[in-house]
Amino acid sequence: MVSYNEHPPGHGRLGDVQRFEQTGGALCLDLANTVDNRPAGAMELLESYGDLLTWAEQAAVVTREEAAALREEAASRPGDAQAALAGARALREAIFGIFAALARGASAPEAELATLNAAIGPSLARRRIERAGEGFAWRWRFDDGALDALLAPVVESAASLLASADRPRVRECASATCGWLFIDRSRNQSRRWCDMSVCGNRAKVRRHYARTRATARA
Ligand SMILES: [Zn+2]
């Protein structure tokens, strides 16, 4: 159900470490998973608009070129960049609120559904048809300088997942210190972890990234 602009997989990979993991099985869940350790002292992974752009690039929402253009735009409009980051976090919390509730067998909260619904109109207005080879393809419009444009595919992902047969398969990771969401596509629907290796290794990867970043700054 990849419906955002298609890019070659892994194009957003950083030299030595992929900062953001895509284990959710849907773009909207991967955004929800940009908070670590929700059950016990949430750790924010989107600390800046630049982090959001890195996430979007690694999730193949935008190309490296689109990300670079947005980065430049954000540098010239820091207030708008802050607002876009706040919007991304609000959308993320709405998505988490909806799917975490459903995964726990509760009903989806009205306020979060309203947040998602309010975002659907402006997001779908970013849809367009473009020539692709001999035919045509659905694409997203990111080239008008709107810093929150990259959220449009996330909104569509959330709405599509809610209305899809995968919706009852959304689970919350069984780890007491994770809180990530994923679609359980295992045959007997027995997947309990966002990713066994990822969940266990995440702290290690973060420490490695922090070290790399510290070295780069020094
Ligand atoms: Zn996990």
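The values are calculated or read from the model by the stated rules, or taken from the named source; none is laboratory data. In this text the structure is predicted, and so the values were computed from the model without any measurement. Note that we place each Cβ from the backbone using ideal geometry, even for glycine, and neighbour counts take in every protein chain shown. Just so you know, the surface numbers come from the protein's heavy atoms only, side chains and all, with ligands and any DNA or RNA stripped out. Shrake-Rupley method; radii C 1.70, N 1.55, O 1.52, S 1.80 Å.
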(request) Compute the signed sum of charges (Lys and Arg +1, Asp and Glu -1) over the other residues within less than 10 Å, Cβ to Cβ, of Ala146. (result) -3
(request) Whenever you get a sec, compute what percent of the accessible area on the stretch 92-143 sits on carbon and sulfur atoms (1.4 Å probe). (result) 54
(message) If the only charges are +1 at each Lys and Arg Cβ and -1 at each Asp and Glu Cβ, what is the size of the charge dipole of the stretch 116-165 around the Cα centre, to the nearest 20 debye?
(response) 100
(request) Could you list which residues have their amide H under 5 Å from that of Arg191, counting only those 5 or more apart in sequence or on another chain, with H placed in the peptide plane? (result) Ser186
(message) List the residues, sorted by chain then number, that are 5 or more residues from Val170 or on another chain and whose placed amide H is less than 5 Å from its amide H.
(response) Asp184
(request) Output ³J(HN,Hα) for the stretch 183-190: one whole-Hz value per residue in order, computed from phi by the Karplus curve 6.51 cos²θ - 1.76 cosθ + 1.60 with θ = phi - 60°, and x for Gly and Pro. (result) 8, 7, 9, 5, 4, 9, 6, 10
(message) Calculate the FRET efficiency for Arg104 and Ala83 from the Cβ-Cβ distance with a Förster distance of 45 Å, rounded to the nearest 0.05.
(response) 0.90
(message) Over the stretch 69-187, what is the relative contact order in percent, taking alpha-carbon pairs closer than 8 angstrom and at least six residues apart?
(response) 25
(message) Let me check I've understood the local charge: for Leu102, count other residues with C-beta under 14 angstrom from its C-beta, Lys and Arg +1, Asp and Glu -1. What total comes out?
(response) -1
(request) Please list 183-189, 173-179 highest first by mean number of surrounding beta-carbon atoms within 10 Å per residue. (result) 173-179, 183-189
(request) Would you mind getting the accessible area per residue of the stretch 66-120, heavy atoms of the protein chains only, 1.4 Å probe, in Å²? (result) 49
(request) Kindly report, to the nearest 10 Å², the accessible surface of Trp138 as traced by a 1.4 Å probe over protein heavy atoms only. (result) 150
